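Scroll down for the structure; my scribbles are underneath it.
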Amino acid sequence: KCTRSSGINAEYGERDETTASGALVEAAKGMRVIPTRGQAAKEQLYAFIQDLCKQNLGENGARYFPFALGLFSTIGFCNVTNLLPYVEMPTQIIGCTVAMSTTLIAGLTIKCIAKHKLDFASFFFPSGAPVGLAPLLVPVETISFFSRAISLGVRLGANLTAGHMILHIISDFGAQMLASGSVAGGIGGVLCTAALFPICILEMAVAVVQAYVFCMLTTMYLNDAHHLH
């Protein structure tokens, strides 16, 4: 049964590689019992995102695991690639990140309305709250709910843009000091150049962390859509 099931899944994955589940089946090909370094890294990433989905989505975690893994991998790849010279990926452009987050929140809102119908309105008026506070709570909760679309994208784009600005300022300042031709300028330019290396390492960490934060918040919003939290 196991062999037959694996064959069916593999065959399905070959026919449908454009889907998240098909891509996972394709990526699993060639796996070894004793993993290589690349396979070990894949397994660590797999387990990391799987734990994230279980923590934030509970029993629905396995259902949305391919989506979360694809989201984290795509954003993480774009964020790290942004650090290369003369490369500009969509996650560095705040307009693109806001468009992406708005699309996600719009999709989650449609899903929530389709599942819960009129109960969706409980998002804007918490259960147990006094009715007299409705004129105050409803506008506040409405703004809080729809601001997710902006805050999710702005957080990602702004953090990456800020890091790039720091790198640009330090490198430009160091180049000007080296161009001055003085001894002090040369020393300052060398120090600025040396400072770029730890900052680049820090930016790589920020790039991965921001991908994680985006993925984590998205799974939390998915859980809200399922349980009306």
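Pairing residues of segment 174-185 that are under 17 Å from residue 196 (Cβ atoms) with residues that are in a helix (DSSP H, G or I) and not hydrophobic (A, V, I, L, M, F, W, C), at Cβ distances under 6 Å and at least 6 apart in sequence or on separate chains, gives 174/189; 174/193; 177/185; 177/188; 177/189; 178/189. Checking the stated criteria, residue 60 turns out to be polar (S, T, N, Q), closer than 17 Å to residue 226 by Cβ and in a helix (DSSP H, G or I). Is there a residue in segment 129-144 that is open to solvent by less than 30 Å² (accessible area, probe 1.4 Å), in a helix (DSSP H, G or I) and touching a helix residue (DSSP H, G or I) at 6+ places or on another chain (Cβ under 9 Å)? Scanning segment 129-144 turns up no residue that is open to solvent by less than 30 Å² (accessible area, probe 1.4 Å), in a helix (DSSP H, G or I) and touching a helix residue (DSSP H, G or I) at 6+ places or on another chain (Cβ under 9 Å). If the condition is being touching a residue at least 40 places away in the same chain (Cβ under 8 Å) and hydrophobic (A, V, I, L, M, F, W, C), then segment 108-147 contributes 108, 112, 120, 123, 146.
Close Cβ contacts (under 8 Å, 6 or more residues apart or on different chains) running from residues in segment 61-81 that are β-branched (Val, Ile, Thr) to residues that are buried (at least 20 other Cβ atoms within 10 Å of the Cβ) comprise 75/91; 75/156; 75/210; 75/211; 75/214; 75/215; 80/207. Here is a check on your reading of the model: is residue 215 open to solvent by less than 50 Å² (accessible area, probe 1.4 Å), over 30 Å from the mean Cα position of the chain (by Cα) and modelled with pLDDT of 85 or more? Criteria not met by residue 215. A single member of 105, 93, 49, 150 is touching a Lys or Arg at 6+ places or on another chain (Cβ under 7 Å), in contact (Cβ under 8 Å) with a residue 24 or more places away in the chain and either closer than 20 Å to residue 225 by Cα or open to solvent by 50 Å² or more (accessible area, probe 1.4 Å) (or both), and it is 105.
The values are calculated or read from the model by the stated rules, or taken from the named source; none is laboratory data. As the structure is a prediction and not an experimental result, all values here were calculated from the model. Cβ coordinates were reconstructed from backbone atoms using ideal geometry, including for glycine residues, and neighbour counts include every protein chain displayed. The protein model used for the area step is the full one, side chains on, heavy atoms only, and it has no ligands, DNA or RNA in it. Shrake-Rupley method; radii C 1.70, N 1.55, O 1.52, S 1.80 Å.
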